[in-house]
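Step one of this worksheet: look at the structure below.
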Amino acid sequence: MSSFIRSLVDQKMTELAQDGTLERLPGYGKPLDLSRDPYEAMMDRMHKAAKVKPKAVTLKDQIAESTARLRDLTDDTARRAEMRVLADLQTRLAIEMEQLGRYR
């Protein structure tokens, strides 16, 4: 970072500290959680702010629902159909997880 930009940032931070703006931020005075992966923490905050679930979480929920339905089915045709649905969901989850790994 150039010294000019650093100087501007320092000046703004000083102003915010003096007028009490920083003290009104959520989590002020609490230690940062540095145990988590910063990328995952950022993605969690973005999903929470947008009020959406990550695609992988949605797929895992659908897999759990499909597995529960499969447990209750007794008809062979219905079981085979649900097994195809479950296999499709598991494949989509595997693809999603592979894509997430590539972009990290």
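The values are calculated or read from the model by the stated rules, or taken from the named source; none is laboratory data. Computed from a predicted structure; not experimentally measured. Glycine also receives a Cβ, built like all others from the backbone with ideal geometry; neighbour counts cover every protein chain displayed. Quick note on the areas: whole protein, heavy atoms, side chains included, nothing else; ligands and nucleic acids left out. Shrake-Rupley method; radii C 1.70, N 1.55, O 1.52, S 1.80 Å.
Figures for the structure shown
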read-out	value
Volume per residue that the Cα convex hull of the chain spans, once the total is divided by residue count, Å³	157
Rounded to 10°, Cα long-axis angle of helix 3-18 versus longest principal axis of the chain	90
Gaussian network model of the chain, springs between alpha carbon atoms under 10 Å - residue of ASP72, ASP44, ASP19 with greatest fluctuation	ASP19
Accessible surface of VAL9 - all protein chains present, 1.4 Å probe, nearest 10 Å²	70
Debye intensity ratio in log₁₀ form over the Cα atoms of region 32-93, taken at each q of 0.22, 0.23, 0.24, 0.27 Å⁻¹	-0.86, -0.89, -0.93, -1.05
Ellipticity estimate at 222 nm from DSSP helix runs (n ≥ 4, -39,500 (n - 2.57)) divided over the chain, nearest 500	-24000 deg cm²/dmol
Label-to-label distance, nm, for residues given as ALA17 and ILE5 (7 Å Cα→Cβ offset)	2.1
From phi via Karplus (6.51, -1.76, 1.60), per-residue ³J(HN,Hα) for region 38-49 in Hz, x at Gly/Pro	x, 5, 5, 4, 5, 5, 4, 5, 5, 5, 5, 5
Values of log10 I(q)/I(0), in the order q = 0.31 Å⁻¹, for region 1-43 under a Debye, Cα-only, solvent-free model	-0.92
Modelled FRET efficiency - R0 25 Å, LEU25 with VAL57, Cβ distances, 0.05 increments	0.35
Those lysines that a straight Cα-Cα span of less than 25 Å connects to LYS60, excepting residues fewer than 8 apart in one chain	LYS48, LYS51
Extension reserve of the MET83-ALA50 stretch, reckoned as 0.36 nm per residue once the Cα distance is removed	8.6 nm
